Amino acid sequence: MFQANLHCLCMNITLDFPAELDFSSKKRWHLAFATIFCSRAFKIGTSKKTVPFSSHGAAHNPRKVRVSTDTITIDIVQQHPFFSGIDQSSLAKLVKDKSVDKLAHLGGVQGVAASLKSDTTNGISGDPEDVGCRHEAFGSNTYRKPPTKSFFVFVWESFKDPTIIILLLCAALSLGFGIKEHGPKEGWYDGGSIYVAVFLVISVSSISNFRQNRQFDKLSEVSKNIPVEAVRKGRRQQISIFEIVVGDVICLKIGDQVPADGILVEGHSLQVDESSMTGESDHVEINLSRNPFLISGTKVVDGYGMMLVTAVGTNTTWGEMMSEISSDSNEQTPLQERLNKLTSSIGKVGLLVAFLVLVVLLVRYFTGTTKDENGNKEFNGSKTSSDDVINAVVGIVAAALTIVVVAIPEGLPLAVTLTLAYSMKRMMADQAMVRKLSACETMGSATTICTDKTGTLTLNKMTVTKFFLGKEHVKAESNTSISAKVLELFHQGVALNTTGSVFKSSDPRSSFEFTGSPTEKAILSWAVLELNMDMDQIKRNFNILHVEAFNSEKKKSGVLIKNITDGTIHAHWKGAAEMISRMCSHYYDLEGNIKSLEESDKEECDRIIEGMAASSLRYEVRMERVEKIRVMARSSPFDKLLMVQCLRKKGHVVAVTGDGTNDAPALKEADIGLSMGIQGTEVAKESSDIVILDDNFASVATVLKWGRCVYNNIQKFIQFQLTVNVAALVINFVAAVSAGEVPLTAVQLLWVNLIMDTLGALALATEKPTEELMKKKPVGRTEPLITNVMWRNLMAQAFYQIAVLLTLQFKGESIFGVNKRVNDTLIFNTFVLCQVFNEFNARNLEKKNVFEGIHKNKLFVAIIGITLVLQVVMVEFLKKFANTERLNWGQWGICIGFAAASWPIGWLVKCITVPDRPIFSYLRLIADAMPENFQSEVLSGTVDCVSLFLN
């Protein structure tokens, strides 16, 4: 109706609310006001001229009504009663447009601060009422989270797994063939059982991935909770980035992330990296005259300053962008990718074996080799009915499908997921937050740890213990011998050439509070407490003309000051001793006398400083010495990066720990970067894979221990899983080829895979790290996933199981005097119990005593108990489901006896020493020693096969 009868009318309506009105109920008032003004629009809608319009008359500047021809647009500007002079949209647009003219129109930084009831020097009050009011008016410094994946998404992803697809296909064929052979009443057992088993596998996998996704969300929240330094009530204090409100005054230094949109209050040599927002790699200078605007999400790369916050959360460009980004935490680690390839390779082997079994069984059947229970040929040419032929072929296909089922190790990816999720949770409890999943497993392979000293190896708590004045060595507390002139100059340099601050409340009982970097706090506390420096008084006596900010390249900072009293100008410098000494021509002695600084004095100073510093090395020399370097003094960011690159070229898996911006290149280049959570800069944290939350170097050792534990637990499960698969595959293959039948049905094998893969993975993947792990040599980059020790253990157990089960298959009925159905149950029960007992052997790859520390792992003991109970239920109560018969006590004893023999076998096998060199590398040596023609024609297939397994 509006569009049919009216010309378009655009109105800007400024809505003010009475102070006593609850701001949360504004939506209803919006609707009321909008309705009133829309109704008034009917009266003036046909007007062609611009008319002044305001909701509260002359109290506000008139807003223009813009007339066009199509629609009515109402632009409602909300103003909180406490901040009536300014609104959120204007503030947000001010920084986004980087408009200096708009800023000047608002009265500059001071005018904006006054409108926000803030102070550029003392900040806001920070009282709960004040903060709450600002939240209501301008929002909080958070942004909308993208919707997290639901549980059904993970279920669907599980259904897309190739392994699950093959199993579902097997289940469908088995169901159809079973009904065809045995009728619908009993023919559904095999196929239906496979469907149930697949359902359980999907459920366990989906639940695990769903919980891991939730855990990643929690870790992400912790990683984003950045501490920032704000000025409230005139005092610098650390607050969470989520607690920042519009009007806050925030302190910025090199390495910080700009936490919100804002305007520069004061700063020196301030430069930011806006590449995260603009894509431009050039650093942008921030100054009061030309570009005072700071954008959320950018990084401070030089200088320092203070900013007034004008927009937070989704009102910033960064917040808008982050609200649209969905984080996918289902990253695939390198180990998971290797295991997926291994699983795929084993699946291909299984398909090949299944095809061979299918061909052999079909040939045996149609050549009359296969006989029934009465000794008659199953196939006798035209005398055999078509139904019998179809039923026989269906049984043969089912036997072949069984081979595929047993060959697929479904538990490998699940085991990695479980152990990584478990270790991440435990590492978080040990003050280490994993930012990248792959860091868990890579840390277990680390061969070299490069650590920054200050803030990493030490706790970042510094104190002044001694100093040099002239050529004299003086203890920190011996300040009485310093002349008044020198002391005055020293006070000026410390108080004015600093990014730190000193706060002392009016309460005489309170102590001083020092803020800034650890070095700044140490010098300030020494000057105030030992040398009686009054920082506020010095700042009142001098004007700062120019500041040269400190960075890792210059290694020095300077300040140019003017004495208000006499107009004299002084420059103060501080930084690396060798940098400052080269700038000096004279020095003061203890009495305050000025003396010349001779070249010999400078050389002596340089010799002391450079005593531990390594000289520059060429590349044929750098690569030779890099592994021998233990301490690298006065190193630049490029030096650290170069060292990491050289170590990696030498084949090392390198971990780097650091906390500063200058550590960021090395942290990013390293295989695993570890940053400090408390004193670490945001640039360092963003470049790292793991954050040490308590800044304690001992936590680095804990991370290393957990990394090795992750790798070791996965190796344990691989050994355990492959033992199951090798044994089952060989047993079914040999039995099918020789006897024309398989002793382990598809349901039984799926049951084995289910309880062994899920419960076995949970039992072995949650083993805690031991001190023995730290005594072993690191794995390194080239170590194969399946070591010689693992091959020795798994092949011994697999051969034993194959020998026992094939003996039962061919001689069990006559040895124990049982019928075929009971004998098949003995085979199934013995096979499962062998895996249960072998699970103890898998707890330690090399130790003979597999029971050591088992009382500490209650989960392992509980899982073993649950597995045994489930197996008893399967054998004794689910006869039709599992195709089993009940066993008496004696028969149970036989099964347990066969299974328990795996313990002494495991003990004996571990007495056999194996070479450290991967066993397949010897095949390469043999191939290299053979004639070239023989290698290319005969061994090419072998080499390809070896490559397949190594990958």
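Within the stretch 82-94, the set of residues being open to solvent by 30 Å² or more (accessible area, probe 1.4 Å) and assigned to a helix (DSSP H, G or I) comprises 82, 89, 90, 93.
The residue that is farthest from residue 723 (Cα to Cα), counting only those in the stretch 745-766 that are open to solvent by less than 10 Å² (accessible area, probe 1.4 Å) and modelled with pLDDT under 75, is 747.
Pairing each residue of the stretch 338-353 that is farther than 16 Å from residue 399 by Cα and among the small types (Gly, Ala, Ser) with any residue that is assigned to a helix (DSSP H, G or I) and at pLDDT below 75, provided the two are 6+ apart or on different chains, yields C-beta distances under 6 Å for 345/948.
The set of residues from the stretch 224-263 being part of a loop (DSSP other than H, G, I, E, B) and in contact with a helix residue (DSSP H, G or I) (Cβ under 7 Å, 6 or more places away or on another chain) comprises 225, 226, 245, 246, 247, 254, 255, 256, 259.
Restricting 850, 861, 779, 818 to residues that are within 32 Å of the chain's Cα centre (by Cα), in a loop (DSSP other than H, G, I, E, B) and at negative phi narrows the list to 779. For the stretch 874-891, the criterion of a residue being open to solvent by 60 Å² or more (accessible area, probe 1.4 Å), in a helix (DSSP H, G or I) and either among the aliphatic types (A, V, I, L, M) or touching a Leu at 6+ places or on another chain (Cβ under 9 Å) (or both) is satisfied by no position. Looking across the stretch 800-837, the residues that are farther than 12 Å from residue 894 by Cβ, surrounded by 21 or more Cβ atoms within 10 Å (Cβ to Cβ) and touching an Asp or Glu at 6+ places or on another chain (Cβ under 9 Å) come down to 809, 824.
For the stretch 575-584, the criterion of being of a type in the set (Asp, Glu) and at pLDDT 80 or above is met by no residue. Among the residues of the stretch 412-437, those identified as polar (S, T, N, Q) and out of contact with any Leu (no Cβ under 9 Å at 6 or more places or on another chain) are 417, 423.
Residue 550 falls short on exactly one of the conditions (1) outside any helix (DSSP H, G or I); (2) more than 39 Å from the chain's Cα centre (by Cα); (3) closer than 22 Å to residue 463 by Cβ, and that condition is (2). Residue 104 passes every criterion in (1) modelled with pLDDT under 85; (2) under 22 Å from residue 123 (Cα atoms); (3) not hydroxyl-bearing (Ser, Thr, Tyr) apart from (1).
The set of residues in the stretch 729-744 being open to solvent by less than 10 Å² (accessible area, probe 1.4 Å), under 21 Å from residue 833 (Cα atoms), in a helix (DSSP H, G or I) and of a type in the set (A, V, I, L, M) consists of 731, 735.
Has the stretch 521-536 got at least one residue that is touching an Asp or Glu at 6+ places or on another chain (Cβ under 7 Å), open to solvent by 40 Å² or more (accessible area, probe 1.4 Å) and not in a helix (DSSP H, G or I)? Within the stretch 521-536, one or more residues are touching an Asp or Glu at 6+ places or on another chain (Cβ under 7 Å), open to solvent by 40 Å² or more (accessible area, probe 1.4 Å) and not in a helix (DSSP H, G or I).
Counting the residues of the stretch 430-445 that are of a type in the set (Gly, Ala, Ser) and open to solvent by 10 Å² or more (accessible area, probe 1.4 Å) gives 2. With respect to residue 668, determine if the residue is under 14 Å from residue 447 (Cα atoms) and basic (Lys, Arg). So residue 668 fails the test.
For the stretch 513-536, filtering for residues that are farther than 25 Å from residue 594 by Cα and within 39 Å of the chain's Cα centre (by Cα) leaves 12. The residues of the stretch 553-572 that are charged (D, E, K, R) and over 30 Å from residue 635 (Cα atoms), listed by number, are 562, 566. Considering only residues that are touching a His at 6+ places or on another chain (Cβ under 6 Å) and at positive phi, which ones fall in the stretch 285-316? Matches in the stretch 285-316: 303 only.
Picking from residues in the stretch 95-132 that are within 25 Å of residue 274 (Cα to Cα) and under 36 Å from the mean Cα position of the chain (by Cα), the one that is least open to solvent (accessible area, probe 1.4 Å) is 95. Somewhere in the stretch 667-681, is a residue under 28 Å from residue 625 (Cβ atoms), at pLDDT 85 or above, of a type in the set (Gly, Ala, Ser) and touching a Cys at 6+ places or on another chain (Cβ under 8 Å)? Within the stretch 667-681 (the criterion being under 28 Å from residue 625 (Cβ atoms), at pLDDT 85 or above, of a type in the set (Gly, Ala, Ser) and touching a Cys at 6+ places or on another chain (Cβ under 8 Å)), the answer is yes, since at least one residue qualifies. There is at least one residue in the stretch 676-698 that is in contact with a helix residue (DSSP H, G or I) (Cβ under 8 Å, 6 or more places away or on another chain), under 30 Å from residue 239 (Cβ atoms), open to solvent by 30 Å² or more (accessible area, probe 1.4 Å) and of a type in the set (Phe, Trp, Tyr).
The values are calculated or read from the model by the stated rules, or taken from the named source; none is laboratory data. Everything quoted here is computed from the prediction, not taken from an experiment. We place every Cβ from the backbone using ideal geometry, glycine too, and count neighbours over all the protein chains shown. To get the accessible areas, we keep the full protein, side chains included, count just its heavy atoms, and leave off ligands, DNA and RNA. Shrake-Rupley method; radii C 1.70, N 1.55, O 1.52, S 1.80 Å.
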